[in-house]
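> Below is the structure I would like to discuss, written out as structure tokens.
The values are calculated or read from the model by the stated rules, or taken from the named source; none is laboratory data. Treat the numbers as computed from the prediction; the structure is a model and nothing was measured. For neighbour counting, all protein chains shown are included, and Cβ atoms are generated from backbone atoms with ideal geometry for every residue, glycine included. Heads up: the accessible areas ignore ligands, DNA and RNA and are worked out on the full protein's heavy atoms, side chains in. Shrake-Rupley method; radii C 1.70, N 1.55, O 1.52, S 1.80 Å.
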Amino acid sequence: MSAAGMRCPACGSTNIVDDDLYSQAQLVCVDCGSVVSEGVLANDPVGGSDVSFSRTTAVAKRPCTNLIKGQQRVKAICRILMVNREIEDLSQTYYKMAYEHKAFLKVSLQKKEILTGCCVLLSCRQLNWPITVGTISCLLDADSMAVGAIYQEMVKNLSIEAPIINVTDVIEAHCHDSLDVPEELAENSRDLTKRAVALVELAADSWIVTGRKPIPIMMAATYLAWQSLKPNKHRLKFSLDKFCQVAKVKKLKSAMKRVAEIKEVLCKLGKEIPWVRETVTPDNVIQLVECILQNRYALLRRAMRTHEDAPPEGTASSQISECADQTPITSFESQNPPPNWGKRVLFAPPCVINAKKRRAVQPEHTDVTGDEEISDSEIDSYIRTPQEARDFEVNVCKYFVLMEM
């Protein structure tokens, strides 16, 4: 590199270059080899350029170990659920946001473990990949109530709008998961999904879905749909336990209750079919499922009308006419029906049919003030030992002495 504007004092040449072969750079004339100047570093500004202390000691900030483990756990859950890359990236972003939020800084490792599943759940719901809280709690081996509580807390703290999914949105995936069965028991996934969705909609119309966990309802609907598509003797005798074992899914205790409730609704509607002459029971109602689902709205209206027109159980027609002649019920009484009114209607929410008994309010005794006189017979009932009797006599003597004074 030549130094412009300088001349060699020996020969007058301007061909001067930097010789940085050694530790100290020098300006040397190429023509005669004379050293024009030494210590070229002295020409730099004194002190060099200004560099802050933070820049000279800066180290790339490494993420926390627990944050790295959490993101790896998020990735593992996404790979198990076989979601797309967009959901996986969004889940990791949500986990980093939640991990650095002040509400989740000083929490237990168990809560942070559940937080990974909540981030995956939120991402799946936002990107239209239906999934339930029960699935996440099963993967994390955690309580579904705890997963739901942390999910709600995360959504609130991060100010994220989470869509609410319906049971029918996730039942298609549930039916596909339950199709791993032998060939003689296999069923077309589309037909099974369509029949199961129709059963779930019927359960929703009859209040069975209200306040209930979705997975037992989906399990019961899938089981009944599978039986009703080919209602032969072999399938009708196939229990829910065997069905879950063949499908390689874990049977839930409440699933059998949902099966019984859906069968009860089917029986109520099956009795309204005009061309059915035999008595409809839970054992033979499976054969009528297709007909009931095709005409369910008409059968629902007819069943409601029949139930309203029928007299109450144990009430004669004469008693009904007498009740009609009495004074009409006031508006206040009509707004407050008697307890267990759900048992008198055809369909009602589970919380009304199985209502908890409320404790009767005990009336307060306003006439007791504590200044009432205690009779001698009542005092004697309180004295049990000879020592108490002697103490009582001493106190009575002291009382009379004070009264005389």
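> With the cut-off at 24 Å, tell me which of the pairs LYS213/LYS251; LYS75/LYS96; LYS251/LYS357; LYS230/LYS271; LYS194/LYS251 have Cα atoms farther apart than that.
On the way: LYS213/LYS251 14 Å; LYS75/LYS96 13 Å; LYS251/LYS357 31 Å; LYS230/LYS271 21 Å; LYS194/LYS251 22 Å.
Result: LYS251/LYS357 exceed 24 Å.
> Report the charge-dipole magnitude of the stretch 223-300 in Debye, nearest 20, computed about the Cα centre from +1 at each Lys and Arg Cβ and -1 at each Asp and Glu Cβ. Don't jump to the answer; show the numbers that get you there.
On the way: 16 positive and 7 negative charges, 92 e Å.
Charge dipole, the stretch 223-300, about its Cα centre: 440 debye, nearest 20.
> Counting pairs of Cα atoms in the stretch 65-164, how many percent are more than 24 Å apart? List each step's numbers first, then the result.
On the way: 435 of 4950 pairs.
Roughly 9 percent, once rounded to a whole number.
> Then there is this: Return the Rg/Rh ratio of the stretch 168-308 with Cα-based radii and a Kirkwood Rh. All intermediate terms of the calculation are to be shown ahead of the outcome.
Details: Rg = 14.5 Å, Rh = 15.3 Å.
When Rh is taken as the Kirkwood radius, the ratio is 0.95.
> Continuing with the same structure: Determine ³J(HN,Hα), in whole Hz, for all residues of the stretch 134-145 in sequence, where each value follows from phi through the Karplus function 6.51 cos²θ - 1.76 cosθ + 1.60 and θ = phi - 60°; x replaces Gly and Pro.
x, 5, 5, 5, 5, 5, 8, 6, 10, 6, 5, 5
> Give me, ordered by chain and number, the residues 5 or more places off ASP19 or on other chains with an amide H under 5 Å from its own placed amide H.
It is GLN26, LEU27, VAL28, by chain and number.
> Enumerate the calculated ³J(HN,Hα) couplings along the stretch 292-304 in order (Karplus 6.51 cos²θ - 1.76 cosθ + 1.60, θ = phi - 60°), each rounded to whole Hz, writing x wherever the residue is Gly or Pro.
The phi angles translate into 5, 5, 5, 10, 5, 5, 5, 5, 5, 5, 5, 5, 5 Hz.
> Right, another one. In debye to the nearest 20, how big a dipole does the stretch 168-308 give about its Cα centre with +1 on each Lys and Arg Cβ and -1 on each Asp and Glu Cβ?
Numbers: 24 positive and 18 negative charges, 81 e Å.
Charge dipole of the stretch 168-308: 380 debye, to the nearest 20.
> Between ALA186 and ASN166, what FRET efficiency follows from the Cβ-Cβ distance if R0 is 22 Å, with the result rounded to 0.05?
It comes out at approximately 0.20.
> While we're looking at this one, here's another question. State the extension gain, in nm to one decimal, for the chain segment bounded by PHE392 and MET6, taking 0.36 nm per residue of separation less the distance between their alpha-carbons.
Working: separation 386, 0.36 × 386 = 138.96 nm, distance 12.64 nm.
Length difference between fully extended and current span is 126.3 nm.
> Relative to the present Cα-Cα distance, how much length would full extension add between LYS111 and ALA298 at 0.36 nm per residue of separation? Please report the intermediate quantities before stating the final value.
Values: separation 187, 0.36 × 187 = 67.32 nm, distance 4.95 nm.
Between LYS111 and ALA298, full extension yields an extra 62.4 nm.
> Can I ask one more? When the label point is put 7 Å from the Cα of ARG305 along its Cα-to-beta-carbon vector, which residues of the stretch 246-283 have a backbone N closer than 18 Å?
Taking a point 7 Å out along Cα→Cβ of ARG305, the residues of the stretch 246-283 whose backbone N falls under 18 Å are 268-276.
> Rolling a 1.4 Å sphere over the protein heavy atoms, what is the accessible area per residue of the stretch 168-308, to the nearest Å²?
Working: 7790 Å² over 141 residues.
Ligands and nucleic acids excluded, the figure is 55 Å² per residue.
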